[in-house]
Amino acid sequence: MLRFLKPLIAACALAAGLAHAAFPERPITLVVPYAPGGAADAVARVVATRLGAKLGGSVIVDNKAGASGTIGASFVAKASADGYTMLYDATPHSINPHLFPKMPYAANALQPLSLVLLAPNVLIVKADAPYKNVGELIAKAKAQPGKINFASGGSGTVQRLAAELMAQKLGLDMVHVPYKSGGPAITDVMAGQVDFMFGTVAATYPHVAGGKLRALAVSAPERSKRLPDVPTVAEAAVPGYEAYEWNGVFLPAGVPADVATKMQQALQEVLKEDEVKQRLADLGAQPIGSTPAEFAAFLKKEDSKWGEVVKKGNIKLD
(Lines give C-alpha, C1' and ligand atoms only; values in the text may rest on other atoms or scores of the structure.)
Protein backbone atom coordinates (compact mmCIF):
# COMPACT_ATOMS: atom_id res chain seq x y z
CA MET A 1 0.00 0.00 0.00
CA LEU A 2 2.82 2.40 0.92
CA ARG A 3 4.33 1.85 -2.54
CA PHE A 4 1.14 3.21 -4.14
CA LEU A 5 0.80 6.10 -1.68
CA LYS A 6 4.29 7.51 -2.25
CA PRO A 7 3.55 8.86 -5.77
CA LEU A 8 0.32 10.43 -4.47
CA ILE A 9 2.12 12.10 -1.57
CA ALA A 10 4.81 13.38 -3.93
CA ALA A 11 2.17 14.75 -6.32
CA CYS A 12 0.38 16.55 -3.49
CA ALA A 13 3.65 18.07 -2.28
CA LEU A 14 4.45 19.22 -5.81
CA ALA A 15 0.99 20.74 -6.20
CA ALA A 16 1.35 22.60 -2.90
CA GLY A 17 4.76 23.89 -3.95
CA LEU A 18 3.42 25.10 -7.30
CA ALA A 19 0.51 26.82 -5.53
CA HIS A 20 2.89 28.71 -3.28
CA ALA A 21 5.11 29.56 -6.24
CA ALA A 22 2.09 31.21 -7.89
CA PHE A 23 1.46 33.36 -4.81
CA PRO A 24 -0.27 35.78 -4.84
CA GLU A 25 -3.33 34.71 -6.79
CA ARG A 26 -5.61 37.34 -5.30
CA PRO A 27 -5.21 40.73 -3.56
CA ILE A 28 -3.34 40.84 -0.26
CA THR A 29 -4.76 42.89 2.62
CA LEU A 30 -2.33 45.00 4.64
CA VAL A 31 -4.07 45.90 7.90
CA VAL A 32 -3.01 49.19 9.48
CA PRO A 33 -4.33 49.28 13.06
CA TYR A 34 -4.36 53.08 13.17
CA ALA A 35 -6.50 55.81 11.64
CA PRO A 36 -5.94 57.03 8.06
CA GLY A 37 -3.67 60.05 7.69
CA GLY A 38 -1.13 59.18 10.38
CA ALA A 39 2.57 58.52 9.82
CA ALA A 40 2.24 54.72 9.90
CA ASP A 41 -0.69 54.83 7.49
CA ALA A 42 1.20 57.11 5.07
CA VAL A 43 4.21 54.81 4.90
CA ALA A 44 2.06 51.69 4.74
CA ARG A 45 0.36 53.02 1.59
CA VAL A 46 3.69 53.66 -0.11
CA VAL A 47 4.91 50.19 0.88
CA ALA A 48 1.65 48.53 -0.20
CA THR A 49 1.77 49.98 -3.70
CA ARG A 50 5.38 49.00 -4.30
CA LEU A 51 5.05 45.59 -2.61
CA GLY A 52 2.12 44.70 -4.82
CA ALA A 53 4.17 45.57 -7.90
CA LYS A 54 7.09 43.43 -6.69
CA LEU A 55 4.86 40.44 -6.02
CA GLY A 56 3.00 40.78 -9.29
CA GLY A 57 -0.35 41.43 -7.64
CA SER A 58 -1.99 44.06 -5.47
CA VAL A 59 -1.79 44.95 -1.78
CA ILE A 60 -4.78 46.80 -0.34
CA VAL A 61 -4.52 48.87 2.85
CA ASP A 62 -7.33 48.31 5.37
CA ASN A 63 -7.44 50.60 8.41
CA LYS A 64 -8.79 48.90 11.52
CA ALA A 65 -8.09 51.51 14.19
CA GLY A 66 -8.85 51.45 17.88
CA ALA A 67 -7.56 50.41 21.30
CA SER A 68 -4.01 51.58 20.62
CA GLY A 69 -3.68 49.28 17.62
CA THR A 70 -4.82 46.08 19.31
CA ILE A 71 -8.07 45.78 17.31
CA GLY A 72 -6.28 45.58 13.97
CA ALA A 73 -3.50 43.39 15.35
CA SER A 74 -6.07 40.99 16.82
CA PHE A 75 -7.85 40.78 13.45
CA VAL A 76 -4.63 39.72 11.71
CA ALA A 77 -3.64 37.34 14.52
CA LYS A 78 -6.92 35.46 13.96
CA ALA A 79 -6.79 35.54 10.14
CA SER A 80 -6.01 32.56 7.92
CA ALA A 81 -2.30 31.79 7.79
CA ASP A 82 -2.15 31.86 4.00
CA GLY A 83 -0.17 35.07 3.45
CA TYR A 84 -3.14 37.08 2.20
CA THR A 85 -3.51 39.10 5.42
CA MET A 86 -0.63 41.15 6.81
CA LEU A 87 -0.23 43.61 9.68
CA TYR A 88 1.60 46.93 9.42
CA ASP A 89 2.20 47.84 13.06
CA ALA A 90 4.27 50.37 14.98
CA THR A 91 5.84 51.09 18.38
CA PRO A 92 2.62 50.63 20.44
CA HIS A 93 2.88 46.93 19.53
CA SER A 94 5.76 46.67 22.05
CA ILE A 95 4.08 48.88 24.66
CA ASN A 96 0.51 47.55 24.71
CA PRO A 97 1.22 44.23 26.47
CA HIS A 98 2.47 46.19 29.48
CA LEU A 99 -0.55 48.50 29.63
CA PHE A 100 -3.54 46.28 28.86
CA PRO A 101 -4.67 43.91 31.64
CA LYS A 102 -5.31 41.27 28.98
CA MET A 103 -4.34 41.36 25.31
CA PRO A 104 -7.03 40.23 22.81
CA TYR A 105 -4.62 37.83 21.09
CA ALA A 106 -1.82 35.50 22.14
CA ALA A 107 1.76 36.76 21.97
CA ASN A 108 2.74 33.99 19.55
CA ALA A 109 -0.26 34.50 17.25
CA LEU A 110 1.74 36.87 15.03
CA GLN A 111 5.07 36.12 13.37
CA PRO A 112 7.50 38.98 12.63
CA LEU A 113 8.27 39.40 8.94
CA SER A 114 10.44 42.52 8.68
CA LEU A 115 11.31 45.74 10.44
CA VAL A 116 10.45 48.47 7.93
CA LEU A 117 11.85 51.66 9.45
CA LEU A 118 13.25 53.41 12.48
CA ALA A 119 12.54 57.07 13.22
CA PRO A 120 13.75 59.21 16.11
CA ASN A 121 11.61 61.54 18.13
CA VAL A 122 12.64 65.15 18.66
CA LEU A 123 12.62 66.91 22.03
CA ILE A 124 10.98 70.25 21.24
CA VAL A 125 10.27 73.43 23.19
CA LYS A 126 8.72 76.77 22.27
CA ALA A 127 11.04 78.81 20.05
CA ASP A 128 11.62 81.47 22.71
CA ALA A 129 11.74 79.08 25.67
CA PRO A 130 14.50 79.79 28.20
CA TYR A 131 16.14 76.42 27.53
CA LYS A 132 18.82 76.71 24.84
CA ASN A 133 19.76 73.03 25.12
CA VAL A 134 18.55 69.85 26.77
CA GLY A 135 21.07 70.26 29.60
CA GLU A 136 19.40 73.51 30.68
CA LEU A 137 15.97 71.86 30.61
CA ILE A 138 17.23 69.00 32.75
CA ALA A 139 18.92 71.41 35.15
CA LYS A 140 15.63 73.21 35.78
CA ALA A 141 13.79 69.92 36.22
CA LYS A 142 16.34 68.90 38.86
CA ALA A 143 16.19 72.28 40.61
CA GLN A 144 12.38 72.46 40.61
CA PRO A 145 10.89 68.95 41.01
CA GLY A 146 7.33 68.69 39.73
CA LYS A 147 7.44 72.07 37.99
CA ILE A 148 8.40 70.98 34.47
CA ASN A 149 5.64 69.39 32.43
CA PHE A 150 5.67 67.54 29.14
CA ALA A 151 3.02 66.71 26.56
CA SER A 152 2.27 63.57 24.57
CA GLY A 153 -0.37 62.17 22.26
CA GLY A 154 -1.54 59.81 25.00
CA SER A 155 -0.36 57.72 27.94
CA GLY A 156 0.50 54.66 25.88
CA THR A 157 2.49 56.46 23.20
CA VAL A 158 6.24 56.30 22.71
CA GLN A 159 6.19 60.11 22.97
CA ARG A 160 5.16 59.78 26.61
CA LEU A 161 7.46 56.85 27.32
CA ALA A 162 10.46 58.56 25.69
CA ALA A 163 10.15 61.37 28.24
CA GLU A 164 9.58 58.89 31.06
CA LEU A 165 12.71 56.98 30.02
CA MET A 166 14.78 60.16 30.23
CA ALA A 167 13.23 61.07 33.57
CA GLN A 168 13.87 57.63 35.04
CA LYS A 169 17.48 57.55 33.91
CA LEU A 170 18.12 60.95 35.54
CA GLY A 171 15.81 60.67 38.54
CA LEU A 172 13.65 63.61 37.42
CA ASP A 173 10.19 64.46 38.74
CA MET A 174 8.17 65.87 35.83
CA VAL A 175 4.44 66.12 35.13
CA HIS A 176 2.86 64.36 32.15
CA VAL A 177 0.10 66.18 30.24
CA PRO A 178 -1.70 63.73 27.90
CA TYR A 179 -3.55 64.82 24.76
CA LYS A 180 -5.83 62.86 22.45
CA SER A 181 -3.25 63.09 19.65
CA GLY A 182 0.13 64.58 18.86
CA GLY A 183 -1.20 67.56 16.89
CA PRO A 184 -2.87 69.44 19.79
CA ALA A 185 0.12 68.61 22.01
CA ILE A 186 2.53 70.26 19.55
CA THR A 187 0.21 73.28 19.32
CA ASP A 188 0.31 73.76 23.10
CA VAL A 189 4.10 73.43 23.17
CA MET A 190 4.30 76.19 20.55
CA ALA A 191 1.95 78.30 22.68
CA GLY A 192 4.04 77.75 25.81
CA GLN A 193 1.23 75.93 27.63
CA VAL A 194 3.49 72.90 28.08
CA ASP A 195 7.26 72.96 28.57
CA PHE A 196 8.31 70.26 26.11
CA MET A 197 7.46 67.04 24.32
CA PHE A 198 9.02 64.33 22.19
CA GLY A 199 7.43 64.51 18.73
CA THR A 200 8.08 62.84 15.41
CA VAL A 201 10.43 64.48 12.93
CA ALA A 202 7.64 64.55 10.34
CA ALA A 203 5.25 66.45 12.63
CA THR A 204 7.73 68.82 14.26
CA TYR A 205 10.24 69.65 11.51
CA PRO A 206 8.02 72.18 9.66
CA HIS A 207 7.54 74.14 12.90
CA VAL A 208 11.24 73.96 13.76
CA ALA A 209 12.18 75.14 10.26
CA GLY A 210 9.51 77.86 10.49
CA GLY A 211 10.92 79.20 13.74
CA LYS A 212 7.98 78.30 15.97
CA LEU A 213 9.72 75.47 17.81
CA ARG A 214 13.26 74.81 18.99
CA ALA A 215 14.67 71.30 18.69
CA LEU A 216 16.91 70.46 21.65
CA ALA A 217 17.75 66.80 21.00
CA VAL A 218 16.80 63.69 19.05
CA SER A 219 16.04 60.40 20.74
CA ALA A 220 18.01 58.04 18.47
CA PRO A 221 21.69 57.17 19.09
CA GLU A 222 22.61 58.98 15.84
CA ARG A 223 21.73 62.49 14.72
CA SER A 224 18.87 62.97 12.27
CA LYS A 225 19.75 63.81 8.67
CA ARG A 226 16.86 66.29 8.73
CA LEU A 227 18.30 67.97 11.83
CA PRO A 228 22.07 67.44 11.59
CA ASP A 229 22.93 70.24 14.02
CA VAL A 230 20.69 68.88 16.78
CA PRO A 231 22.52 66.57 19.22
CA THR A 232 21.17 63.26 20.45
CA VAL A 233 19.86 62.92 23.99
CA ALA A 234 22.65 60.40 24.58
CA GLU A 235 25.49 62.74 23.57
CA ALA A 236 23.95 65.81 25.20
CA ALA A 237 22.84 64.52 28.57
CA VAL A 238 21.96 60.83 28.99
CA PRO A 239 24.59 58.30 27.83
CA GLY A 240 23.01 55.13 26.46
CA TYR A 241 19.62 56.72 25.91
CA GLU A 242 17.67 55.69 22.80
CA ALA A 243 14.01 55.67 21.88
CA TYR A 244 12.58 55.02 18.43
CA GLU A 245 9.36 55.12 16.57
CA TRP A 246 9.36 51.95 14.47
CA ASN A 247 7.19 50.33 11.84
CA GLY A 248 7.19 46.66 10.94
CA VAL A 249 5.23 43.97 9.12
CA PHE A 250 3.77 40.85 10.73
CA LEU A 251 1.92 37.77 9.46
CA PRO A 252 -0.46 35.41 11.23
CA ALA A 253 1.58 32.61 12.78
CA GLY A 254 1.88 29.55 10.57
CA VAL A 255 2.17 31.13 7.12
CA PRO A 256 4.12 28.68 4.90
CA ALA A 257 7.84 29.40 4.96
CA ASP A 258 8.18 29.82 1.20
CA VAL A 259 5.34 32.35 1.10
CA ALA A 260 6.76 34.31 4.04
CA THR A 261 10.23 34.30 2.46
CA LYS A 262 8.86 35.56 -0.85
CA MET A 263 7.06 38.41 0.89
CA GLN A 264 10.04 39.34 3.06
CA GLN A 265 12.43 39.41 0.12
CA ALA A 266 10.02 41.54 -1.91
CA LEU A 267 9.69 43.95 1.02
CA GLN A 268 13.47 44.26 1.29
CA GLU A 269 13.64 45.15 -2.40
CA VAL A 270 10.93 47.78 -1.94
CA LEU A 271 12.86 49.45 0.88
CA LYS A 272 15.92 49.75 -1.36
CA GLU A 273 14.07 51.72 -4.03
CA ASP A 274 15.18 55.35 -4.34
CA GLU A 275 11.60 56.65 -4.34
CA VAL A 276 10.76 54.81 -1.14
CA LYS A 277 14.02 55.81 0.58
CA GLN A 278 13.37 59.45 -0.28
CA ARG A 279 9.82 59.26 1.03
CA LEU A 280 11.07 57.85 4.32
CA ALA A 281 13.87 60.42 4.49
CA ASP A 282 11.28 63.18 4.14
CA LEU A 283 9.62 61.76 7.25
CA GLY A 284 12.93 61.64 9.10
CA ALA A 285 12.93 57.84 8.99
CA GLN A 286 15.58 55.26 8.14
CA PRO A 287 14.56 52.26 5.99
CA ILE A 288 15.63 48.90 7.45
CA GLY A 289 14.35 45.74 5.75
CA SER A 290 15.38 43.07 8.26
CA THR A 291 15.07 39.30 8.37
CA PRO A 292 12.34 37.79 10.58
CA ALA A 293 15.00 36.70 13.10
CA GLU A 294 16.49 40.19 13.26
CA PHE A 295 13.05 41.72 13.70
CA ALA A 296 12.21 39.23 16.47
CA ALA A 297 15.43 40.15 18.31
CA PHE A 298 14.61 43.84 17.97
CA LEU A 299 11.10 43.28 19.33
CA LYS A 300 12.47 41.40 22.33
CA LYS A 301 14.72 44.34 23.15
CA GLU A 302 11.87 46.85 22.74
CA ASP A 303 9.54 44.75 24.88
CA SER A 304 12.08 44.61 27.69
CA LYS A 305 12.85 48.34 27.57
CA TRP A 306 9.29 49.62 27.53
CA GLY A 307 8.08 47.00 29.98
CA GLU A 308 10.60 48.26 32.52
CA VAL A 309 9.65 51.92 31.92
CA VAL A 310 5.93 51.19 32.32
CA LYS A 311 6.46 49.18 35.50
CA LYS A 312 8.89 51.61 37.11
CA GLY A 313 6.72 54.60 36.25
CA ASN A 314 3.46 52.84 37.23
CA ILE A 315 2.06 54.03 33.91
CA LYS A 316 -1.61 53.38 33.19
CA LEU A 317 -3.84 53.99 30.19
CA ASP A 318 -5.89 57.19 30.26
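The values are calculated or read from the model by the stated rules, or taken from the named source; none is laboratory data. Just so it is clear, the structure is predicted and the values come from calculations on it, not from any experiment. In this analysis, Cβ positions are derived from the backbone assuming ideal geometry, glycine residues included, and neighbour counts consider all displayed protein chains. Heads up: the accessible areas ignore ligands, DNA and RNA and are worked out on the full protein's heavy atoms, side chains in. Shrake-Rupley method; radii C 1.70, N 1.55, O 1.52, S 1.80 Å.
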Among beta bridges assigned by DSSP with both residues in the chain, the antiparallel ones amount in percent, to the nearest 5, to 60
Within the chain, which DSSP H helices have Cα atoms that stretch 27 Å or more along the helix axis and a mean Kyte-Doolittle hydropathy of at least 0.5? 2-21
Please report, as a whole percent, how much of the solvent-accessible surface of the chain comes from carbon and sulfur atoms (probe radius 1.4 Å). 56
Could you report the accessible area of S74 in Å², rounded to 10, computed with a 1.4 Å probe on the protein chains as they sit in the structure? 10
Run through every distinct alpha carbon pair of the stretch 140-281 and return the Kirkwood hydrodynamic radius in angstroms, one decimal place. 17.3
What is the gain in length, in nm to one decimal, between K301 and D274 on full extension, counting 0.36 nm per residue of separation less the C-alpha to C-alpha distance? 6.8 nm
Principal semi-axes in Å for the stretch 112-177 [√(5λ), Cα gyration tensor, largest first]: 25, 14, 11
Compute the separation of the alpha-carbon centres of the stretch 277-300 and the stretch 234-270 and state it in Å as a whole number. 5
Which entry in (i) 202; (ii) 132; (iii) 331 is this structure's computed volume of the Cα convex hull per residue in Å³? (ii)
Taking the stretch 196-318 and dividing mean pair separation by its residue count, relative contact order in percent (alpha carbons under 8 Å, at least six apart): 18
Inter-site label distance for A281 and E222 at 7 Å from Cα along Cβ, in nm: 1.3
Whole-Å distance, taken between Cα centres, linking the stretch 162-209 and the stretch 66-139: 17
What's the extension gain from T291 to Q265 if we count 0.36 nm per residue and subtract their Cα-Cα distance? 8.5 nm
Could you derive backbone 3J(HN,Hα) for the stretch 104-113 from the dihedral phi with the Karplus parameters 6.51, -1.76 and 1.60 (θ = phi - 60°), listing whole Hz in sequence and x where the residue is Gly or Pro? x, 8, 6, 4, 9, 7, 10, 10, x, 9
Output ³J(HN,Hα) for the stretch 32-37: one whole-Hz value per residue in order, computed from phi by the Karplus curve 6.51 cos²θ - 1.76 cosθ + 1.60 with θ = phi - 60°, and x for Gly and Pro. 10, x, 9, 5, x, x
For the stretch 53-196, report the accessible area per residue in Å² (1.4 Å probe, heavy atoms, rounded to an integer). 39
Spin-label pair F100/A67, simplified geometry with 7 Å Cα→Cβ offset, distance in nm: 0.5
Rounded to the nearest 10 Å², the accessible area of M190 at probe 1.4 Å: 40
Quick check: residue separation of D188 and T49 times 0.36 nm, minus the Cα distance between them. What number comes out in nm? 46.5 nm
May I ask you to list the lysines whose Cα is less than 23 Å away from that of K126, ignoring any residue fewer than eight positions away on the same chain? K140, K142, K147, K180, K212, K225
